Every structure is written in structure tokens, then in C-alpha cells.
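Down below is the structure, laid out as C-alpha cells.
What follows is calculated from the coordinates using simple rules that are stated; it is not laboratory data. Since we're looking at a predicted model, the values are computed, not measured. FYI the Cβ positions are ideal-geometry reconstructions off the backbone, even for glycines, and counts take in every protein chain you see.
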Amino acid sequence: MKFEDKFFSQQGQNSPDFVPIISADEDSELRFDDENPLPILPLRNTVLFPGVVIPITVGREKSNRLIRDVYEGDRLLGTFSQRDMSVEEPGFDDLHKTGTIAQVIKILNMPDNTTSVIIQGKKRIDLENIISNEPYLTGKVKLQEDPQPAGREFDAVVSSIKDQALKIVELSEDMPEEAAFAIKNIEKPDFLVNYITSNSNLKTEDKQKLLETNSVHERSLKLLEHLTQEIQMLNLKSDIESKVRTELDKQQKEYLLNQQMKTIQDELGGDPTQQEVEELKARAKKKKWPKDIQEAFNKELKKLRRINPATPEYSVELNYLNVMLDLPWEHTTKDNFDLKRAQKVLDDDHYGLEKVKERIIEHLAVLKLKGDLKSPILCLYGPPGVGKTSLGKSIAKALDRQYVRMSLGGLHDESEIRGHRKTYIGAMPGRILQNMRKAKAANPVFILDEIDKIGRDFHGDPESALLEVLDPEQNNTFHDNFLELDYDLSKVLFIATANTIGQIHPALRDRMEMIEVSGYLLEEKVEIAKRHLIPQQLKNHGLKSSQLKFSDNVLAHIIENYTRESGVRTLNKKLAQVMRRIARRIATEEPYNVNIKIEDIKDYLGVQDFFKTEYQGNDQAGVVTGLAWTAAGGQILFIETSLSKGKGTFTLTGNLGDVMKESAKLAVEYLQSHAHMLDIDPDIFNKWNIHIHIPEGAIPKDGPSAGVTMVVSLASAFTQRKVKKGIAMTGEITLRGKVLPVGGIKEKILAAKRAGLKEIIISEKNKKDLEQIKPAYLKGLKFHFVDTIDEVLKIALTKQKVANAVKFS
């Protein structure tokens with residue numbers, strides 16, 4: 001709200017005369033004829049209300065002439081606000097049609113050669129048309145009467161307007177003291193409304209709308225609404241200023257306290273901030289790092305000195321410098337190249353795993369001859385519990401290197417690898433550099449555990465971020481977002497672990513040397529239990545070796561009946577369970593057998609969890625033994641085919657996946673198209689329903705390796721010929737009758753051997769896989785290598801018919 005009680009004051013010889021306020025009550029009689037044209041003065045950004053006195057600056061030549069002519073005459077003119085302030089020569093359409101008759105009170109010539117005019121509004125008028133444009137606008141107008149409202153409601157509104165206006169004067173710092181006095185002394189309600197409206201902060205368009213409002217009562221209500229909003233704004237402004245003032249006072253207080261603290265610190269021996277900087281500088285002198293890193297550190301240290309310790313930026317910069325100092329840039333531990341010792345360490349810690357141990361020894365031999373610390377990237381993959389992760393500790397021990405491990409299971413944020421920008425609140429380096437910081441050496445053995453279980457979402461792709469880490473050609477310049485400097489990871493021996501390599505990103509898999517860690521034989525598990533698991537669990541449970549003894553037969557019984565896995569993790573849990581029961585009996589002085597017997601196992605472990613899958617013979621047609629790979633190792637499975645009279649429908653059961661269903665359809669199609677080879681009547685397929693079932697329906701099954709088994713099962717069912725005794729098979733089939741190679745050969749062979757099978761049919765192209773398997777695993781087995789389904793049928797089916805053979809006549 002603004003109040004203009006005085007327009008000018010005497011400021012010297014050239015100043016205009018003092019102009020008093022003309023009271024709204026001095027409403028002299030208007031000598032005005034509606035029929036005669038009235039001089040029209042267009043107003044820019046101003047609205048004149050009846051009874052109100054305002055000063056205006058006249059700039060247009062026409063307006064100047066109009067003012068002087070009117071001043072010499074009856075001093076009356078019409079004022080109308082322009083619609084568009086930029087129009088220099090306004091016409092009838094450029095003016096609002098409601099205005100005010102004004103009386104010119106005083107013309108003032110200002111020191112800057114401009115003319116100011118003081119005018120007072122008299123009555124509201126409507127502009128009917130423009131009579132002339134020269135020498136200035138004249139028009140025909142019509143007077144409007146403002147009836148004086150009465151009643152208690154109007155009196156209450158006017159009283160509220162006065163109270164609100166006085167409150168605004170009180171709250172506003174820009175209001176003159178005379179404003180409140182002027183408002184209090186206005187007695188006419190309509191003049192009060194016009195006066196406050198004219199001096200309010202309303203926009204010109206809103207003031208014009210109020211001028212056009214014929215009802216003084218309605219005009220007063222709209223004004224009251226605006227004053228209420230203005231008071232709310234002033235209160236809000238006051239609250240904000242109070243808060244800012246409080247904050248400034250707080251900062252000033254903190255500054256004074258910091259100055260006092262600085263004085264006290266100086267008296268006690270120095271500034272701790274300066275001591276901190278000197279400590280960083282001293283640590284940097286002991287660091288062994290590249291020249292460019294030294295220059296970057298010095299630059300950041302200078303920056304730290306310039307930062308106020310009370311600001312958040314100081315802690316961010318201090319944390320950054322500490323990270324730089326903690327990282328092992330060129331500090332490496334000395335490798336132990338005693339290959340015989342390394343072989344002994346690996347053998348002592350892990351039984352079996354000959355291929356992995358051989359690869360590690362080869363790597364040590366290369367390092368010993370070449371003297372280059374650059375390491376390859378190894379990836380150990382295989383089923384759970386076979387010792388992939390713990391193998392990393394043994395490798396670190398064999399090399400005398402530091403050991404760090406990073407779990408990637410469920411990792412889905414790229415910043416976990418590359419870190420955050422240091423400008424972010426709570427920023428920190430990625431987990432790669434965090435573990436390097438923990439290792440305190442630039443050449444540790446770094447285990448990237450569960451690399452096949454990395455997630456991916458809107459936070460980024462961690463697998464792609466790992467490409468730079470695991471690429472031997474790039475990881476010498478690894479870039480972390482927090483560090484913002486290249487860090488050399490080429491000396492690190494990265495060892496990744498995974499259960500299946502199919503879920504690893506192909507580009508990532510291409511950068512690693514894949515080493516399979518397959519499952520253990522029963523004999524190997526027994527040996528691992530005796531060498532590692534039992535001594536470890538005896539120590540964990542406070543038992544002595546003399547208090548508990550396991551025979552090989554007991555261990556074999558536990559492995560076969562209470563575990564079903566390729567590794568030894570579950571076996572370790574079962575041994576711990578046995579020892580807990582023994583520890584309880586020793587603590588309560590209950591009797592027990594020191595030499596554990598098979599009969600005691602049920603008492604310690606309960607009813608057996610698994611039943612050994614046994615070969616079911618060849619007395620029934622359509623039942624064939626297949627070999628399957630699972631995450632827990634290999635196992636045998638049975639494919640059963642049943643025929644019944646009907647319309648040739650085909651049914652598959654056993655919780656089969658899409659690939660296995662397709663193999664079954666291929667087998668049926670092949671047999672139909674080659675029925676003549678087995679002397680099968682083609683009409684049988686239209687008169688007999690086929691049902692193929694694979695037992696253990698609760699377990700999902702998928703994959704193409706059961707193709708040959710399904711063909712033999714169908715052929716046996718339709719010919720009623722027996723399948724050769726003690727034989728199992730695996731292989732993918734094609735519609736042309738080819739047998740394709742499959743994976744997991746070692747696990748499948750172990751499963752066949754555990755089940756007591758003697759012969760195995762596999763693809764000719766799988767022959768190379770046998771060369772990588774220890775001869776001990778193959779002992780007692782006969783292999784048939786085939787290229788076509790015809791060869792499979794000749795080997796698998798006998799000429800002998802089963803008892804009670806079905807007749808298809």
C-alpha cells in the first residue's frame with residue numbers, strides 16, 4: 001500500500017511551491033454540460049478515483065497543450081486509463097470506457113524540464129465517443145451517479161477496511177507516519193474506499209475494474225479482500241525476515257566463538273586444522289606414488305588450506321585426501337615364487353581341484369620367469385560348495401599376497417563399482433577402491449564372488465562397469481568417480497566365482513579365463529571330510545579327536561543319504577549337527593559310542609533326507625535311464641513311455657520346460673517318419689495314445705540332453721523290445737536324426753557311476769570332454785560314441801521282447 005500525502009517539499013530556490021492536500025469534502029459544484037465535448041487526458045499506468053488527489057507527469061505534446069488550455073479555463077477534463085501503455089496516440093478503442101472527471105489544481109515546472117500536474121477526481125463518467133483528435137482528444141461523456149449505500153453491513157465493511165489499512169501501515173516499513181493519521185480522519189465512506197483503493201498495491205487493471213464497479217458496497221468488499229491478502233503477505237514477509245535475522249545473528253555468534261576458540265588454541269600450542277594439514281603433508285612424503293598423483297595431491301592440499309573448517313566442503317576435501325593417502329599406489333608385497341611350497345599349500349587346503357591348482361602353478365612359473373606383475377583374470381565356475389571362494393584364500397597364502405573379497409550377489413548400482421562424485425553429500429569411492437584401501441597393497445588376490453548374480457536396474461549396469469576392471473588391457477587406468485584419477489589395477493590377481501557362466505554378460509565372460517570347478521566323487525568327499533571338515537568342526541565345538549571318530553563307511557552313509565550336492569557345504573552342516581549332539585552328551589555325561597556307527601547316524605541326524613536313485617532294470621518296455629545335470633551335480637533320471645488305445649493323442653508330464661517338450665515332439669516325429677526301420681506299423685500312431693512321463697514331477701526339468709533317451713523310450717514302447725541292461729545315455733537330437741553334444745559330461749558320468757551303471761551312450765563330439773576327466777572317474781565304464789539316432793537304437797535296444805508284450809493288432 002502507498003500513500004502520497006505530500007507530493008513535493010521546498011528544497012531550495014528552484015523547488016516548486018508546497019501543495020496542500022485537497023480534502024475530498026471540498027467537492028465544488030461541477031459546471032459541466034453533457035452535450036458539450038470534454039477534453040480527454042489519457043493516463044498511463046494510473047487510475048484516478050473520485051475525491052482523490054494525485055500528481056501526474058505530462059510527457060505528450062498534446063497532453064501538455066490540453067493541460068494548459070484547461071488550466072486557463074474551467075480546469076475540468078476527463079481522465080481515462082489506456083488499455084495498452086505503449087500506444088503513443090490513443091484513440092477511442094485504446095481507452096477504457098469508464099473514467100473520472102478531474103479538476104486541475106496546480107501545474108508545476110520541474111527542474112528537469114518536465115511538467116507535473118496535480119489533479120483531483122470529481123465524478124465517475126462513461127466515454128460515449130471521441131469528437132475530435134486535434135489539437136487534443138475531446139469526447140462526449142456521461143456522468144455516473146454513485147448512490148451512497150447505507151446499513152449496518154456496509155458500515156461494518158468500511159470499519160474493517162479502515163482497520164486493515166491501519167494494520168498495513170503498522171506492518172509496512174515504507175509507510176509514512178502521516179498515513180495512519182490521514183486514514184483516521186476520513187469520515188466519508190465512499191471517499192475512504194476510493195482513497196485506500198487508489199493508494200493500494202493493486203494492479204492498474206484491477207483498479208480499473210473497481211472503478212467500473214457501480215456499487216460502492218461491492219467495491220468495498222473487493223477492496224477488503226485485497227487488503228486481507230496484503231496483510232497475509234506482510235506477515236509472511238515479517239516471519240521470513242525474522243528467521244533470516246536470527247540466522248545471521250547465529251552465524252555472527254559462531255564467528256565470534258570461532259575467533260575465541262582460535263585464540264585459545266593459539267595459547268595451547270597451535271591450530272588443530274593446521275596440525276591436520278601438516279600431518280597429511282608428512283604422510284604424503286612417505287608415500288610411493290607417481291609424479292602426477294603427487295601433483296594432484298599437492299593441489300588438493302592447497303585447496304584444503306583455503307577452505308573454512310566450519311564448512312561442509314572441508315570434511316569432503318579432507319576425506320578425499322585421506323582416501324588418496326590410504327590407497328596403495330605402487331606399494332606391493334613380494335611374491336613367493338617357491339613353486340613346491342605353493343603346491344603344498346594348495347594341496348593342504350583343498351583336496352582335488354587339480355586343474356585349478358595346475359593353472360595357479362603355471363601362473364607362478366610365468367611370473368617367476370618374466371618378472372612382470374601383470375596378472376590374468378580367472379573365473380572359477382561350478383556348483384555351490386565346491387570351494388571356489390575359499391580357494392582364493394589358498395592362492396593368496398601360496399603367493400604371500402594380501403587377500404580381499406567382494407560379494408557381487410544382488411549388486412545393481414553402477415556407483416558401487418565406480419563410486420560417487422565427491423561433490424555429493426556422503427560420497428565415497430567404489431567398492432573396488434575401498435577393498436584396495438583395505439588390502440594396503442597394490443597386488444592383492446581379489447575375489448569377485450558370485451559374479452553371475454549381478455543385478456541390473458535404473459541405477460545403471462554394474463556388469464558394464466566391471467568391464468574396465470576385468471580387462472587386462474584397460475585396468476591399468478581404472479577411473480573411479482570419487483577419486484577422479486586413474487588407478488592401476490593391473491597388478492591385482494582377480495579371481496571371479498560363479499555357479500553358471502550362462503548368466504554372465506558375454507563381453508565380461510570374454511575377458512576372463514574360465515576354469516571349471518566340478519563336483520566331487522564320493523571318495524573325494526570322504527577324504528575332504530577327514531582332512532578338513534572334521535578337524536574344523538571338532539575345533540568349533542570344543543571336542544578332541546580322541547572323543548569322536550568317523551569311519552569311511554559312516555561318512556559315505558551320511559553323504560549318500562543326507563546330502564545331495566556336488567560340493568561339501570551340506571555335508572559340513574551335517575557333521576556339525578552330529579558334533580552338537582555328541583557335545584551335549586559329553587556335557588551331560590551321557591554314554592555314547594566314540595566310534596560312530598551307521599546305526600547311530602539316525603539318532604543324530606534323524607530319518608534320511610534322500611534316497612539313492614537306483615537303476616530300475618530293463619524288464620519293462622518304454623523305461624529308459626537318462627543322465628541329467630543339476631546345480632547340485634549330476635543325477636540319473638528315468639523316462640517312461642506308456643501306450644493306450646485311443647486316437648493318437650500325445651501327453652507330456654513331469655514338470656518339463658519348453659526345450660524338453662520340444663525334444664519329446666522331435667522324438668515322436670522322428671519315430672513316425674522312420675517307423676519302417678523298426679518294423680512299426682505307421683497306423684499305430686493314429687490308434688494308440690502316447691504318454692511320456694519323467695518322475696519327480698515337483699522338480700522342474702529342462703534342457704535338450706534327454707532327446708536320445710526319449711527316442712529310445714518311444715522305440716522300446718512301440719516295439720516292446722527290452723533296453724540293454726545297465727546302460728544310460730545323454731544327447732540332443734535333430735529332426736534329421738543327428739545326435740548333438742551336450743554339457744555337464746563329468747557330472748553325468750559321476751551320477752551314472754554312483755547308480756551302478758556300466759555303459760554310457762554320448763555324442764561323438766563329447767569324446768573330447770573325457771580327455772579332461774581323471775581316469776579314476778572313468779574306471780569301470782564303457783562308452784559308446786554315436787553320431788546318429790540309428791546307432792543309438794542299435795546299441796540300446798535288444799532283440800528280446802519284454803514279458804507280457806502289448807499286441808498292436
### Message
Checking the table Lys597/Lys725; Lys374/Lys573; Lys253/Lys303; Lys281/Lys374 against a 28 Å threshold on Cα-Cα, which pairs fail?
### Response
Lys597/Lys725; Lys374/Lys573; Lys281/Lys374
#### Entry: Cα-based reach from Lys774 at 21 Å (exclusive), listing lysines while leaving out same-chain residues under 8 positions away
Lys344, Lys355, Lys357, Lys388, Lys525, Lys746, Lys748, Lys753, Lys758, Lys765, Lys782
### Query
So what is Rg over Rh here for the chain, counting just Cα atoms and using Kirkwood for Rh?
1.31
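If you place +1 on the Cβ of every Lys and Arg and -1 on the Cβ of every Asp and Glu, how big does the dipole about the Cα centre of the chain come out, in debye to the nearest 20? Spell out each step's value before the answer.
Working: 116 positive and 120 negative charges, 1459 e Å.
Around 7000 debye, computed over the chain.
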### Message
Per DSSP helix of 4 or more residues, -39500 (n - 2.57); summed, then divided by the residues of the chain. What does that give at 222 nm, rounded to the nearest 500?
### Response
-13000 deg cm²/dmol
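Expressed in whole Å with the largest first, what are the equivalent ellipsoid semi-axes of the stretch 306-353 derived from the C-alpha gyration tensor as the square root of 5 times each eigenvalue? Provide the component values of the computation, followed by the final result.
Working: eigenvalues 449, 35, 6 Å².
The answer is 47, 13, 5 Å, longest axis first.
Rounded to two decimals, what is Rg over Rh for the stretch 522-605 when you use alpha-carbon atoms and the Kirkwood radius?
Numbers: Rg = 11.9 Å, Rh = 12.8 Å.
Value, to two decimals: 0.93.
Find out how many positive minus negative residues lie around Thr497, taking Lys and Arg as positive, Asp and Glu as negative, among other residues whose Cβ is under 14 Å from that of Thr497.
+1
Could you work out the relative contact order of the stretch 38-143? I mean the mean sequence separation of Cα pairs under 8 Å and 6+ apart, divided by the number of residues, in percent.
Relative contact order, the stretch 38-143: 34 percent.
Relative contact order for the chain: what is it in percent, counting Cα pairs under 8 Å that are at least 6 residues apart? Please report the intermediate quantities before stating the final value.
Details: 1366 pairs, mean separation 58.0, N = 809.
Computed value for the chain: 7 percent relative contact order.
Could you rank the peptides 227-239, 407-419, 782-794 by their average count of other C-beta atoms within 10 Å per residue, with the highest value first? Display every interim value, and only then the final one.
Details: 227-239: 13.8, 407-419: 19.1, 782-794: 17.2.
So the peptides 227-239, 407-419, 782-794, ranked by packing, come out 407-419, 782-794, 227-239.
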### Magnitude of the charge dipole, the stretch 718-773, Cβ model with Lys/Arg +1 and Asp/Glu -1, debye to 20
280 debye
### Query
Considering lysine pairs in the stretch 66-178 that are 8 or more places apart or on different chains, how many have Cα atoms under 16 Å apart?
7
#### Entry: Residue (of Trp329, Gln294, Val316) at the positive-pole extreme of the stretch 284-349, dipole from beta-carbon charges
Gln294
### Summary
With the charge dipole of the stretch 339-516 built from beta-carbon charges (+1 for Lys and Arg, -1 for Asp and Glu) about the Cα centre, the Cα from Ser464, Gly352, Leu483 projecting farthest to the positive end belongs to Gly352
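For a quick protection proxy, order the peptides 70-80, 140-150 by their average other-Cβ count within 10 Å, most packed first. Could the numbers behind the result be given before it?
Details: 70-80: 18.3, 140-150: 13.8.
With the highest mean Cβ count within 10 Å placed first, the list reads 70-80, 140-150.
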## Note on the structure
Along the dipole axis of the stretch 339-516 (charges at Cβ: +1 for Lys and Arg, -1 for Asp and Glu; origin at the Cα centre), the most positive-end residue among Leu408, Ile515, Gly392 is Gly392
### Net charge dipole size for the stretch 315-419 [Lys, Arg +1 and Asp, Glu -1 on Cβ; Debye, nearest 20]
480 debye
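Pick out, in residue order, every one of the chymotrypsin sites (Phe, Trp or Tyr not before Pro) in the stretch 327-404 that is DSSP loop and has at most 16 other C-beta atoms within 10 Å; say none if there are none.
Numbers: sites: Trp329, Phe337, Tyr351, Tyr381, Tyr403; in loops: Trp329, Phe337, Tyr351.
Counting only loop positions with at most 16 other Cβ atoms within 10 Å, the chymotrypsin sites (Phe, Trp or Tyr not before Pro) in the stretch 327-404 are Phe337.
What's the ranking of 496-504, 251-259, 430-438 by average number of surrounding C-beta atoms within 10 Å, highest first? Spell out each step's value before the answer.
Working: 496-504: 18.7, 251-259: 10.7, 430-438: 20.6.
Ranking, from highest mean packing down: 430-438, 496-504, 251-259.
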#### Entry: Spatially proximal lysines relative to Lys645 (Cα-Cα < 18 Å; intrachain offsets below 8 disregarded)
Lys687, Lys807
